[in-house]
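The values are calculated or read from the model by the stated rules, or taken from the named source; none is laboratory data. Worth saying up front: this structure is predicted, and the values here are computed from it rather than measured. All Cβ positions, glycine included, derive from the backbone under ideal geometry; neighbour counts span all protein chains shown. Accessible surface areas use protein heavy atoms only, side chains included; no ligands, DNA or RNA. Shrake-Rupley method; radii C 1.70, N 1.55, O 1.52, S 1.80 Å.
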Amino acid sequence: MDRNTILAIIISVGIFTVFMVINYTFFQPTPPPVTGEEKREETVGEDISKEKSTGITIVPVEDEKLFEEKKTVSTNEVDVTFRTRGGLVTSIQLKKYKDTDGSPIEMIVSGETNEYPFEMRFGDYSTKSDLFHFKHSREENVSEFSRDYRIIEKTEEGENESIITLIKSFSFSEDYLLEYRVSIIEKDGGNIPLKFKQMLFSDNKDDKREPKELLYTFSFGPQIGPPLDKPIDEKIDKRRYIYFKGYKGGRKDFTGEVKSKKKVLIKDSPDWVAIEGKYFVVIARPPLDKFEKEQIGFDITPMEGLIDHSEIFFNRSYERLPRIDDTYKFYIGPNIKDILKTHTDYGFDKVISENIFLDWLSELLKLLLTFLHGLVQNWGVAIILMTIIIKILFFPLTQKGFKSTTKMQALNPKIEELKTKYKDNPQKLNAEMATLYKKEGINPLMGCLPMLIQLPIFFALYGLLGNYFDLRGAVFIPGWITDLSSPESIFRLPFTIPFLGWADVRALPLIMVGTFLFQQKVSQTPTSTTNQMKIFMYAMPVIFFFFLYEQSSGLVLYWTVQNILSIFQQMYINYVQKKKGGKGLITSLKEELVKKNIIKKKK
């Protein structure tokens, strides 16, 4: 095996390794499931054991003015539906974004559970069946629910009775921000008598911690939208459970732990927590001074009537006060960086994982792609035009690389002579080869340089084309490529291919590998037909086939067009070289080397 072949194989393996490392590090951030040993060592779950007797009875104060109804409030961005029974939000529809059936995206999914977000619980008492007063202020854009409760507290001395008022208010502002305010007021000015103990326990059987004293609990769930018709397919969508702890602690991906344990508490006191989908996200920021450690968490325990239970829960600490006012900030909307950046004061822009090495390039390519789409109004055509522009920009470098490669191939006979002559003296061999390269003006790495330089573009597009919001549902060829952000499919198999997990026959990756093989065939030269080079030539298309089979059709389209352009580019280079005296580039170089007595003329 000659030096060029070894070098080519080493570089291809290096490319493969770099791709896998970057893919795992920056695009597959889910950590592995926690092992059994780790589970035993740390606090992992919040479970409410049977409520310890508190001696407190909660009874809604009778009010004949209350009746059940639905109310809808609209802003420029959302339509919100409230229900007076429970004082709940039953629907948040994003008016600017459409589902596959053309309806607005629904961010609250309850399925058949009859569960909705913002249900207040005092210990084991739920308010979801209670009727609330409702009023809406257009001037302040605030929707408010209120209800009085009689609290009967049994003590050794007898019974104490008091009245509290629960007020829940919702205010939607621009850029998908919701302010949720909880107020509990003791009407006579005494301390609020709501104190409930709940056990937060771990898998450690020796855990001796005391139950927490809580004032109330609530959650956002039971499933974030859009609605699903089948379990999450990570190739099309995703669920990430993350939280943010100050600018020193940073963004923490909790997905592996959540999926392993189903229900977990966050051991830090996070600034915010989030359930992130590929295109939409829910972020919640609690009142930071009211929540101690291990009082906020995630729950994905399977729930009957739901495809994907995905919930954030909050446990509010008890305080001896006559009134409490807690304000929560929620972002419920598209997972778009430019919109999230409008909420930097809450740190919501940190929800998106950043790659400091490639983000600038992704942003540059996104600007180019968006500009081209503005001209042609089709994202698939825009991707093709972008590929052509990239190919034109790199053409001079590719041409130099081709010339360097062919020069190296023409020198192979001389290199073999040197290897034979100095086989017992590696240092002398390297020195002679370096002298030969210098004399002929050859850089051994120049042939691989074009691919190595274009590699960052491929990785940047890998992240961009698979996650760019505007490509969601973008049709290129009706009936075939109907969503450039997801893999296309021409046929669904009745089974899943073992080990690979493939269940679809996809035409675009097959076309891609066919064009790649043809490109390699066109690019081969008489000195590149050794068995080793043939293996290398056919291995690369196969490697890329497995890389890209389950990736977004936009990315596969880019690489397919890249292959087709490379074919025409190579044919053009061959044509230009043959036009010079009717001889190909390699033949001309060999004759020139023979004249210089660098290689011997074959008899």
Within the set of pairs 6+ apart or on separate chains, which have a first residue in the range 446-472 that is basic (Lys, Arg), a second that is open to solvent by less than 60 Å² (accessible area, probe 1.4 Å) and at pLDDT 80 or above, and C-beta atoms under 6 Å apart? 472/279; 472/485
Considering only the range 334-423, give the helices (runs of 4 or more DSSP H) lying wholly within it that have at least 2 residues that are without any contact (Cβ under 8 Å) to a residue 12 or more places away in the chain and closer than 26 Å to residue 282 by Cα. 359-376
If residue 425 satisfies every condition in (1) at pLDDT below 75; (2) surrounded by fewer than 16 Cβ atoms within 10 Å (Cβ to Cβ); (3) over 33 Å from the mean Cα position of the chain (by Cα) but one, which is the exception? (1)
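Tell me, which strands (runs of 3 or more DSSP E) lie completely within the range 49-114 with 3 or more residues that are surrounded by 14 or more Cβ atoms within 10 Å (Cβ to Cβ), in contact with a strand residue (DSSP E or B) (Cβ under 9 Å, 6 or more places away or on another chain) and free of Cβ contacts under 8 Å to residues at least 60 places away in the same chain?
Because the criterion is at least 3 residues that are surrounded by 14 or more Cβ atoms within 10 Å (Cβ to Cβ), in contact with a strand residue (DSSP E or B) (Cβ under 9 Å, 6 or more places away or on another chain) and free of Cβ contacts under 8 Å to residues at least 60 places away in the same chain, the strands (runs of 3 or more DSSP E) in the range 49-114 that meet it are 78-83, 88-98.
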Given the options 518, 545, 536, name the one that is open to solvent by 40 Å² or more (accessible area, probe 1.4 Å), of a type outside the set (S, T, N, Q) and at pLDDT 80 or above. 518
When you scan the range 443-457, do you find a residue that is touching a Cys at 6+ places or on another chain (Cβ under 8 Å), open to solvent by less than 30 Å² (accessible area, probe 1.4 Å) and modelled with pLDDT of 70 or more, even just one? no
Search result, residues across the range 320-332 that are out of contact with any Asp or Glu (no Cβ under 7 Å at 6 or more places or on another chain) and either open to solvent by less than 20 Å² (accessible area, probe 1.4 Å) or under 29 Å from residue 75 (Cβ atoms) (or both): 324, 325, 326, 328, 330, 331, 332
(1) over 24 Å from the mean Cα position of the chain (by Cα); (2) under 24 Å from residue 118 (Cα atoms): which one isn't true of residue 308, the others all being true? (1)
Kindly indicate the residue of the range 279-314 that is modelled with pLDDT under 90 and open to solvent by 10 Å² or more (accessible area, probe 1.4 Å) and also nearest to residue 110 (Cα to Cα) among those meeting that condition. 305
Across the range 62-82, what is the total count of residues that are more than 33 Å from the chain's Cα centre (by Cα) and either of a type in the set (Asp, Glu) or closer than 20 Å to residue 138 by Cβ (or both)? 7
Please go through the range 115-164 and pick out each residue that is of a type in the set (A, V, I, L, M) and without any contact (Cβ under 8 Å) to a residue 40 or more places away in the chain. 142, 164
Exactly one of these conditions fails for residue 141: (1) buried (at least 20 other Cβ atoms within 10 Å of the Cβ); (2) touching a strand residue (DSSP E or B) at 6+ places or on another chain (Cβ under 6 Å). Give me its number. (1)
Being closer than 26 Å to residue 89 by Cβ and either open to solvent by 50 Å² or more (accessible area, probe 1.4 Å) or at pLDDT 90 or above (or both): is that true of residue 378 here? no
Among the residues of the range 164-184, which ones are of a type outside the set (Lys, Arg) and either open to solvent by 40 Å² or more (accessible area, probe 1.4 Å) or not in a strand (DSSP E or B) (or both)? 173, 174, 175, 176, 179
Considering each residue of the range 222-253, count those that are under 22 Å from residue 112 (Cα atoms), in a strand (DSSP E or B) and touching an Asp or Glu at 6+ places or on another chain (Cβ under 8 Å), and give that number. 1
Which one of the conditions (1) open to solvent by less than 30 Å² (accessible area, probe 1.4 Å); (2) in contact with a strand residue (DSSP E or B) (Cβ under 6 Å, 6 or more places away or on another chain); (3) not hydrophobic (A, V, I, L, M, F, W, C) does residue 317 fail to meet, given that it meets all the rest? (2)
